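Beneath this line is the structure, given in structure tokens, with notes to follow.
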Amino acid sequence: MIAKIKQIICITLVLLTFSAQAQKIVLGVERTDVYIRHLKNKKVSVVANQTSRIGETHLVDSLLNSGIDVIKVFSPEHGFRGKADAGAIIEDGIDTETGIAIISLYGKNRKPKTEQLQEIDILVFDIQDVGARFYTYISTLHYVMEAATESGIPLIVLDRPNPNGHYVDGPVLDTNFRSFVGMHSIPIVHGMTIGEYAKMINAENWISKRCDLTIIEMENYTHDISYDLPIKPSPNLPNARAINLYPSLCLFEGTNISVGRGTQYPFQHFGAPYLQSNYSFTPKSGAGSKYPKHENIKCLGTDLRFQDNYLTAINLNWLITAYNNFSKKEKFFNNFFDKLAGTDKLRLQIIEGKTSKEIKLSWEENLNKFKKIREKYLMYN
């Protein structure tokens, strides 16, 4: 009898999961009937990039077509159209399609200035994140929330899925290593949508005063649903495979190892001239990677494009193996590594010869503390 009950429960759970996945996810941006009414007869500014779309239509165009007075757009790293290199300075400008002023939040200032927010009645934030602490769109979110609060402007966040929202992993950031690639005490993979993260910023008092925040939630979404982004969120994350590998491979950006920027498969392979392998690639300067690491030099390494496993945890073995096989170990890490890791402990543990299992055990206490905090802000259980 108990066995039959268990079987029925299992079948029911499978059917419920299948049913949830069969239903189309309705993005926050697609729920225009919920948020347009908040924007009528107001001067609106949008924080957006190339991912800010309703189907084939950009959010800015959609709002203008609905009679909304959009007077300014703020753009994050990679720019409004999402074509700039990682770390490239973005200048202010005018959108040629709409004539609207574009203010860069990855140029002279990372935070909207008070004078840039004058005449604005309400802000709308709609950017696709990938769920990694060092992906800078969540840092832009922090500064937008802070600026909105200081200027007394309400903020609407249009929520989107987190393609890496199915797990939580990595060292929790030590605030001594706070930077634009890691602003708060969260792990590398936080397992939250951008809307949930905005709620956390607000309620955990990570800004000086509470933001007048409205989250437009999605429908039919859960953190366990696999979601392929319809538009690449940045030039070097071209597909679902790269996005899934990104939290593990981005740590290589703090080393002498290339993650394939300047190739057809960024964040889907890694290598360096000094490693031993039958697999090779040669980074070249091009769109989205003007000055790639080891430019025009043959790199030997590992191809991850065709691996069957879908990562549900950070893979440290690739990093540890590369370090162990690197002949000039004193030149393996660069100054960026500790910022990406959010701590100096990971680098020191690798140098000391710790295994992946040993390193991950050292994360557990802080991860468990974070997970308890995270639970308070989840909207899609």
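Brief remarks on what is shown
- Backbone phi angles across the range 100-111, fed through the Karplus curve with coefficients 6.51, -1.76 and 1.60 (θ = phi - 60°), yield HN-Hα couplings of 7, 5, 10, 9, 7, 9, 9, x, 5, 9, 8, 10 Hz in residue order; Gly and Pro are listed as x.
- Simple spin-label estimate for Asp224 and Asp212 gives 4.0 nm between the two label positions (7 Å along the Cα-to-Cβ direction from each Cα).
- R0 of 56 Å, Cβ-Cβ distance Ile351-Gln118: FRET efficiency to nearest 0.05: 0.65
- Site pair Asn41 and Ile373 shows an inter-label distance of 4.2 nm when each label is modelled 7 Å from Cα along Cα→Cβ.
- Degrees between helix 356-375 axis and first principal axis of the chain (Cα, 0 to 90, nearest 10): 20
- Modelled spin-label separation between Glu358 and Asn325, with each label point placed 7 Å from Cα along the Cα-to-Cβ direction: 2.1 nm.
- Straight Cα distances below 22 angstrom link Lys113 to the lysines Lys42, Lys43, Lys72, Lys209, with same-chain residues fewer than 8 positions distant left out.
- Zone residues, the range 243-268, relative to Glu295, backbone N less than 20 Å from point 7 Å out along Cα-to-Cβ: 253-267
- Ser280-Asn109 FRET efficiency (beta carbon distance; Förster radius 41 Å; 0.05 resolution): 0.50
- The trypsin sites (Lys or Arg not before Pro) of the range 281-330 that DSSP puts in a loop, and whose beta carbon has at most 10 other beta carbons within 10 Å, are Lys328.
- Of Lys232/Lys372; Lys108/Lys298; Lys339/Lys360; Lys199/Lys290; Lys108/Lys369, those spanning more than 25 Å from alpha-carbon to alpha-carbon: Lys232/Lys372; Lys108/Lys298; Lys199/Lys290; Lys108/Lys369
- Of all DSSP beta bridges in the chain, antiparallel share, percent nearest 5: 45
- Spread over its residues, the convex hull of the C-alpha atoms of the chain is 158 Å³ per residue.
- Every helix of 4 or more DSSP H residues in the chain counts as -39500 (n - 2.57), and over all residues that averages to -9000 deg cm²/dmol at 222 nm.
- Note on Tyr310 and Ser66: with the Förster distance fixed at 30 Å, the Cβ-Cβ geometry gives a FRET efficiency of about 0.20.
No lab work stands behind these numbers, since they all come straight from the coordinates. Here the structure is a predicted model, which is why all the values come from computation and not from measurement. Positions of Cβ are generated from backbone atoms using ideal geometry, with glycine treated the same way; all protein chains shown enter the neighbour counts.
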